[in-house]
1. Do you know which residues across segment 348-377 are assigned to a helix (DSSP H, G or I) and in contact (Cβ under 8 Å) with a residue 40 or more places away in the chain?
2. Could you tell me whether residue 263 is outside any loop (DSSP other than H, G, I, E, B) and either touching a strand residue (DSSP E or B) at 6+ places or on another chain (Cβ under 9 Å) or at pLDDT below 95 (or both)?
3. Within segment 575-668, considering only strands (runs of 3 or more DSSP E) that don't extend past its boundaries, which have at least 3 residues that are in contact (Cβ under 8 Å) with a residue 60 or more places away in the chain?
4. Every residue in segment 69-88 that is in a strand (DSSP E or B) and free of Cβ contacts under 8 Å to residues at least 60 places away in the same chain, please.
5. Just for segment 530-547: of the residues that are over 37 Å from the mean Cα position of the chain (by Cα) and free of Cβ contacts under 8 Å to residues at least 60 places away in the same chain, which one is surrounded by the fewest Cβ atoms within 10 Å (Cβ to Cβ)?
6. Here is a list: 276, 348, 326. Which entry is within 25 Å of the chain's Cα centre (by Cα) and outside the structural domain of residue 206 (by TED's automatic domain parsing)?
7. Search segment 419-440 for residues being free of Cβ contacts under 8 Å to residues at least 60 places away in the same chain, in contact with a strand residue (DSSP E or B) (Cβ under 7 Å, 6 or more places away or on another chain) and surrounded by fewer than 24 Cβ atoms within 10 Å (Cβ to Cβ), and hand back the single one that is nearest to residue 468 (Cα to Cα).
8. Which condition does residue 273 not pass, out of (1) farther than 29 Å from residue 95 by Cα; (2) in contact (Cβ under 8 Å) with a residue 24 or more places away in the chain, if it passes all the others?
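The values are calculated or read from the model by the stated rules, or taken from the named source; none is laboratory data. Here the structure is a predicted model, which is why all the values come from computation and not from measurement. Glycine gets a Cβ as well: all are built from the backbone with ideal geometry, and neighbour counts include every protein chain shown.
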């Protein structure tokens, strides 16, 4: 019998994982309304009282299989700083003319007035729909009448045809969570890889397989006795299947605290991610067999090039522009630099990080602005017309999270740069930052490895900075009889410190740059000179003549002198005794400080810091301090060298102790006494 239609798929009763939901919309306990401080974290500006969701794959006659995601979240506002939690965004995936649909959106604020709970419903006309990129829109809501002490509640349902986009779940955010629970129900036909990460122990981690069934109604039309009339017969098939049910929950989850020198929180918060690996349908369905979704990096590279590769190899109208840009330039490496500098100087980045361009290179050139993908695809297209071997490189920015090489999923990427090859030399390029020279990626891109997508196949490339960032401070000072330090200060900056200084100087002007430089300091600048302001390949140099009314303490005939006027670590940046996340400086760096201080006649040096060297294993970090005297002149040399950008959690105790000793050493003073 040939089936010509799948009329209906009837599920039997859907179980609720054996447990009641942890909260019911509108049922607010009075003790939560009266709460003024969260007992588990007295510093919390707000607390998520409950965050509960269910995801289930269901079938309807009209739409087929869909993901139904239902969520309820309740937040308590504790302080004025917590009012910002009154804004909420709901992401909705879309593709061409199909989009995830949100329904049943309820947004209510509860306040305690004269001992009674008063509701304020947020009107639906205040909801805002905002486009984010080619595949993502946001529905944004703002609770009405939010104040300190409010309880905010939101509930909604998302219906999705995108079975590959099973909802992920975060158990942790930047405020504490009292209870977070996620349930999933997945028929055996859909197989998802589940990736759990984070440092929060789950209170509940359950799964079970339940025997279930549904009925397929089908029909067949047959001719009667060779005539043109037909008869339709109906049949039903009952199909037994396994339903996989999962329940995860976490209790009293602490707030995720961002610590110094780390990438985005999404690398470390406790969460679970889903990726559709394959589907497997039996012959009773119209699409029987196995279909794989989670492929390989080779697949991802090819798919990316198939979608946007023509933006590089096409756009032949740009050939004339390339000839204009490269007039008189024949050396391949110089071609790369010339084209890069043209795009860098003439196309404005709109601040958006994207891995796909929305406009063509030609339109980006005409409009002279674009997102990161549009600018870098324009760069790649121009280089291709200049006969340079160039490929796109997909990456994840530091705030977007690490790329896990064991998980070949394209959603890990949110950015694209270029890789130009000249002979045996490979040059990473990103033309969005006007203050970075050729070969230096913006600091936001220094995040592990990038995926090179080329016609020859994929490869991984390190995103580490090719050069060290260095800052040199050189002070030549004289201690006057009036207790001031007078003299000169020279500063040389290279790498990212040079780019940051140049950006600040050119964006704000010299006056504001100097104001920021002296802010919080008792300094008077009599003259300042800047060199290489516009030469981004050269060090950014500053020379100041100044008078300093600090760093000196007089006590009778004794003077206490702090020799560091700059480059001093006032406190250890690593305050936690134990750290669960790695330390990521983004790039290696050196910081050198030298000071030549002449003391006044009639004073002698009573105490001087001793020289010291501090080093970590394998010289990954090194600090040296040297103090010397020659007549009435004191010479100080301080050198901090960080040779590696990433330190693991296991290395953290040594790194923390390294900085503790550094801070203590730089705090030591020189003691001068008046001659008797």
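1. 361, 362, 365, 372, 373, 375, 376, 377
2. Answer is no for this residue.
3. Details: elements: 589-598, 603-607, 612-615, 621-630, 633-642.
The strands (runs of 3 or more DSSP E) meeting that bar are 589-598, 603-607, 633-642.
4. So in segment 69-88, the residues in a strand (DSSP E or B) come out as 69-77, 87-88.
Correct list: 87 only.
5. 545
6. Selected residue: 348, the only one of 276, 348, 326 that is within 25 Å of the chain's Cα centre (by Cα) and outside the structural domain of residue 206 (by TED's automatic domain parsing).
7. As a first pass, look at segment 419-440 and keep what is free of Cβ contacts under 8 Å to residues at least 60 places away in the same chain: 419, 421, 424, 426, 428, 430, 439-440.
Next, only the ones that are in contact with a strand residue (DSSP E or B) (Cβ under 7 Å, 6 or more places away or on another chain) stay: 419, 421, 426, 428, 430, 439.
Next, from what is left, pick out any that are surrounded by fewer than 24 Cβ atoms within 10 Å (Cβ to Cβ): 419, 421, 426, 428, 439.
Numbers: 419: 20, 421: 22, 426: 18, 428: 16, 439: 13 Å.
This residue is 439.
8. Here residue 273 clears every test but (1).
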